[in-house]
Amino acid sequence: MESHIQIFDTTLRDGEQTPGVNFSFDERLKIAKQLETWGVDILEAGFPASSTGSFKSVQAISNTLTQTAVCGLARCKKSDIDAVYEATKDAVKPVIHVFIATSPIHLTHKLKLTQEQVLESIKEHVTYAKQYFDVVQFSPEDATRTESDFLIKCVQMAVDSGATIINIPDTVGYSYPNEYGQIFKTLFEHIKTNQDIIYSAHCHDDLGMAVANSLAAIENGATRIEGTVNGIGERAGNTALEELSLALYVRKDHYGNETRLNLSETKNTSDIISRYAGIRVPRNKAIVGQNAFSHESGIHQDGVLKNPETYEIMTPQLVGIRKNDLPLGKLSGKHAFAEKLKSLGYDIEPQNQVDLFKQFKAIADKKKSVTDRDIHALIQGSEHEQNAIYQVETLQLQFVSNGLQSAVVVIKDKHGKLYQDSSIGTGSIVAIYNAVDRIFKHKSELIEYRIDSVTEGTDAQAEVHVSLNIEGHPVNGIGIDHDVLYASCKAYVEAHAKYANEIQNKERNHHAF
Ligand code: KIV
Ligand code: ZN
């Protein structure tokens, strides 16, 4: 049996069920690679039967990852199981996650099945899945509101039919640590099998207890935890894996076991998810929030200067937060820039470095010191631009005080073809967005608009996030620039470009699927 606490990441499945979050195909692939770098044991890449997009991403992730097990979700339905098989068959370690609800409220109102029918369905579908997969995970959905006797019967049936991983979802975040831990204890006492069974916890955060409940599961024998990066997910989200893993690391004296995550990749992983999900991490969020390692009061600052351990139970370096940010400036040359990229963990091809250096110089001309956060933003911005199928070529604005503003927008597609249009609006941003809407000819609604500054100071670059609803589909876009209006235009164009890309892929897949 494994001796560490296994991490099952469901950022790409349960995490993507966060209202307003919709990762693009490229983002899913990048997230999966980062999760592999972080060192998760297994990742749930999607729910292949739910859409062609999910199927294709699970397939691409299965073909790409070289170490991590890839899992797909399936209802108790043969067509769902077939879809997971097709999507994951090339993964280094394919896994299927079969679930069915077991609580009285779900049986009566959602499934309209009797308990006997549920047991029969578990037997039929876990057995069917076992024909194709060495590793079958079974989840009794809403387990924490299921009568104990029936839960035991469901789990026993799943184990007898070939499941070797039993995941206990607190689907609605209803349980509390003692109660949730007790469920694992009861299962250990009652489930009879010669197989090694891994018990896994899957908690939602409706009452803010997902991490505490997951830790209680570990105290009662669970050796696998499901969760998401930054705790994103359906409603109030899932267990925040960065919090759970650091709790295990810092309090190993109590839990006696840890994960195998590369903890120094924690902050990077959190940043990527925050950026692609368009959800800012609260400043006071444990482990990855901006304040997590800041000390405000004089007494605390004095203590930390004398010995950091007076007020820090872990170091920022442990989770990959770099404090010794030596900024570059406009006199920094290619060599210093290359060294900085290396020290920040980027391995960038020489030709791309030349382009990045030009962009760095442009920033350094406008900004006194270029910090690590500027460099990260520069690289992420340039990645966005490289992958974009449309880019802003020119933005021209006319501002009239107390009047209507006007904008001319020119965008360029991957093949260099230019598209342009103009519009007016009550403000400059409205004028820009109206012009972009006219170019793309899609009906869109701006749901959220947010400006963050990449660093402090009046010369900081602006990072604009937009969430749009385009013809019923949620899409996010990010734009980074010194000029807020230009950054706003880039973000809006990126969101439209993503939608256009999804539509093109859908049309292509429609013929191939
Ligand atoms: O919360 C839940 O019950 C789920 C299941 C699909 C495992 O996400
Ligand atoms: Zn869930």
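The values are calculated or read from the model by the stated rules, or taken from the named source; none is laboratory data. Only a predicted model underlies this, so the values are computations on that prediction, with no experimental measurement involved. Positions of Cβ are generated from backbone atoms using ideal geometry, with glycine treated the same way; all protein chains shown enter the neighbour counts. Side chains are part of the model used for accessible areas, which takes the heavy atoms of the whole protein and leaves out ligands, DNA and RNA. Shrake-Rupley method; radii C 1.70, N 1.55, O 1.52, S 1.80 Å.
Seen against the Cα atoms of the chain and their longest principal axis, helix 266-277 is set at about 80 degrees. Rounded to the nearest 10 degrees, what's the angle between the helix 148-160 long axis and the longest principal axis of the chain, both from Cα atoms, 0 to 90? On a 0 to 90 degree scale, this one is about 90.
Estimate the FRET efficiency between His442 and Ser79 by the formula 1/(1 + (r/R0)^6), using the beta-carbon distance for r and 35 Å for R0, to the nearest 0.05. After rounding to 0.05, the efficiency reads 0.65. For the residues Arg260, Arg235, a 1.4 Å probe over the protein chains yields an accessible-area ranking, largest first, of Arg260, Arg235. How many Å² of accessible area per residue for the chain, probe 1.4 Å? It amounts to 47 Å² per residue over the chain.
Computed over the chain, relative contact order equals 10 percent, with contacts defined as Cα pairs under 8 Å that lie 6+ residues apart. As a rough guide to protection, the peptides 43-53, 297-307, 275-285 ranked by mean Cβ packing within 10 Å, highest first, stand as 43-53, 275-285, 297-307. For the stretch 321-390, lysine pairs separated by 8 or more sequence positions, or belonging to different chains, with Cα-Cα distances below 12 Å total 7. Peptide packing for 348-355, 138-145 was compared via the average number of neighbouring C-beta atoms within 10 Å per residue; ordered from the highest value, the list is 138-145, 348-355.
Only Cα pairs under 8 Å and at least 6 apart count here; give the relative contact order of the stretch 373-424 as a rounded whole percent.
Values: 63 pairs, mean separation 14.4, N = 52.
Rounded, it is 28 percent for the stretch 373-424.
Helix content alone sets the calculated 222 nm mean residue ellipticity of the chain: runs of n ≥ 4 DSSP H residues at -39500 (n - 2.57) each, divided across all residues, give -13000 deg cm²/dmol.
Take the Cα of Arg235, step 7 Å along the line toward its Cβ, and report every residue of the stretch 137-176 whose backbone nitrogen sits under 20 Å from that point. It comes to 139-148, 167-176, nothing else.
Per-residue extension of 0.36 nm, minus the Cα-Cα distance of Tyr449 and Lys334, leaves a gain of 37.8 nm for this segment.
Taking Cα atoms, how many degrees apart are the long axis of helix 52-64 and the longest axis of the chain, rounded to 10 and kept between 0 and 90? Tilt relative to the chain: about 90 degrees. Here the accessible area is traced with a 1.4 Å probe on the protein chains. For the chain, carbon and sulfur cover 50 percent of it.
Provide the gained length on full extension for the span Lys93 to Lys306, in nm with one decimal, where the gain is 0.36 nm per separating residue minus the Cα-Cα distance. Show your work: numbers first, answer last.
Working: separation 213, 0.36 × 213 = 76.68 nm, distance 4.88 nm.
The Lys93-Lys306 span can extend by a further 71.8 nm.
A viscosity of 1.567 mPa s and a temperature of 4 °C, combined with the Kirkwood radius over C-alpha pairs in the Stokes-Einstein formula, give the stretch 287-338 a diffusion coefficient of 98 µm²/s.
Could you tell me the relative contact order of the stretch 11-154? Use alpha-carbon pairs under 8 Å, at least six residues apart, and round to a whole percent. Walk me through the numbers on the way to the answer.
Details: 243 pairs, mean separation 27.0, N = 144.
Worked out over the stretch 11-154, it gives 19 percent.
The stretch 126-194 to the stretch 18-57: how many Å between their Cα centroids? Going from one Cα centre to the other spans 25 Å. Among 74-80, 244-250, the peptide with the highest mean count of other Cβ atoms within 10 Å heads the list, and the full ranking is 244-250, 74-80.
All other residues with a Cβ under 12 Å from the Cβ of Lys110 taken together, and with Lys, Arg as +1 and Asp, Glu as -1, what is their net charge?
On the way: positive: Arg75, Lys112; negative: Glu141, Asp142.
Net charge in that neighbourhood comes out at 0.
Annotation: amide H-H contacts under 5 Å for Cys203 (H modelled 1.01 Å from N, sequence separation of 5 or more, or interchain): Asp170, Glu226, Thr239.
Distance between the C-alpha centers of the stretch 283-341 and the stretch 356-408? Whole Å please. Here the answer is 27 Å between Cα centres.
Using only Cα positions of the chain, each an equal point scatterer, no hydration layer, compute I(q)/I(0) via Debye at q = 0.06, 0.09, 0.11 Å⁻¹ and quote the log10 values to two decimals. The Cα Debye sum returns log10 ratios of -0.32, -0.71, -1.01. Residues Lys153, Lys89, ordered by accessible area of protein heavy atoms at a 1.4 angstrom probe radius and largest first, appear as Lys153, Lys89.
Rounded to whole numbers, the Karplus 3J(HN,Hα) couplings from phi for the stretch 118-129 are 5, 4, 4, 5, 4, 4, 4, 7, 5, 4, 4, 5 Hz, using 6.51 cos²θ - 1.76 cosθ + 1.60 with θ = phi - 60°, and x at Gly and Pro.
Quick one: length gained pulling Tyr132 to Arg283 fully straight, 0.36 nm per residue minus the C-alpha distance?
Stretched out fully, the Tyr132 to Arg283 stretch lengthens by 49.8 nm.
Once you list every other residue whose beta carbon is under 9 Å from the beta carbon of Leu468, what net charge do they have if Lys and Arg are +1 and Asp and Glu are -1? Taking every other residue near Leu468 into account, the sum is -2.
Excluding Val95 itself, what net charge comes from residues whose Cβ is under 13 Å from its Cβ, given Lys and Arg +1 and Asp and Glu -1? Before the final figure, lay out the partial values.
Numbers: positive: Arg13, Lys89, Lys93, Lys130, Arg224; negative: Asp9, Asp41, Glu44, Asp134, Glu226.
Combined, the nearby Lys, Arg, Asp and Glu give 0.
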